[in-house]
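Just so it is clear, none of the values below were taken in a lab; they were calculated from the coordinates. Quick caveat, the model's predicted, so the values are computed rather than measured. So basically every Cβ, Gly included, is an ideal-geometry build from the backbone, and we count neighbours across all protein chains shown.
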Amino acid sequence: MSQLAVGDVAPDFTLTDQHGDDVRLQDLRGRGLVVFCYPAAMTPGCTTQACDFRDQLDTLRAGGFEVVGISPDAPARLAQFADQEQLTYRLLSDPDHRVLSAWGAYGERTLYGKTVTGVIRSTVVLDPQGRVVWARYNVKATGHVAMLTRELGLSAS
């Protein structure tokens, strides 16, 4: 697993969203894109993070960024999560971890002092051409979006 770094071209993908539609990374080019990778829908930390992105979505969009989340959850579970938390951005399903692995967001991590294999909570920001302009791995669920908006020079709403 190799983590993405500033200047890298993000690996392309086609994943299914919470509505059952295929979403291709190449179709999202033309604006900035915030891609956050999270372990599981409807868990406390992931819900906090997803809701923080929801709450800052207007700020991110005003700054020229769209937001998508990627997890191993099935599209039906993602739809339930989006409905339950009123998430208005796309949630993408990567059940075989192919994209998460290619983006450096799946592998060994420490959980409660033990080494486990799983999704590494990560955020990668792409420019309109699909190049990485910001990448962080092993981020905290709480406060991460506020840090991201500050580092992107966006005012919080």
Using θ = phi - 60° and the Karplus relation 6.51 cos²θ - 1.76 cosθ + 1.60, list the HN-Hα couplings for region 132-139 in order, rounded to whole Hz, with x at every Gly or Pro.
6, 10, 6, 8, 9, 10, 6, 7
Short version: ³J(HN,Hα) in whole Hz for each residue of region 93-102, in order, from phi by Karplus 6.51 cos²θ - 1.76 cosθ + 1.60 (θ = phi - 60°), x for Gly and Pro, what are they?
9, 10, x, 9, 6, 4, 6, 4, 5, 4
Quick one: which residues, 5+ away or cross-chain, put their amide H under 5 Å from the amide H of Gly32? H built at 1.01 Å from N.
Glu66
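Compute the Cα gyration tensor for the chain, then decide on rounded, prolate or oblate, letting a ≥ b ≥ c be the square roots of its eigenvalues: rounded whenever a/c is under 1.5, prolate when a/b is larger than b/c in the other cases, and oblate in all that remain.
Details: a/c = 1.16, a/b = 1.11, b/c = 1.04.
Rounded.
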Which is the longest stretch in the chain that no exposed loop site breaks, taking sites as trypsin sites (Lys or Arg not before Pro) with a DSSP loop state and at most 16 other Cβ atoms within 10 Å?
32-139
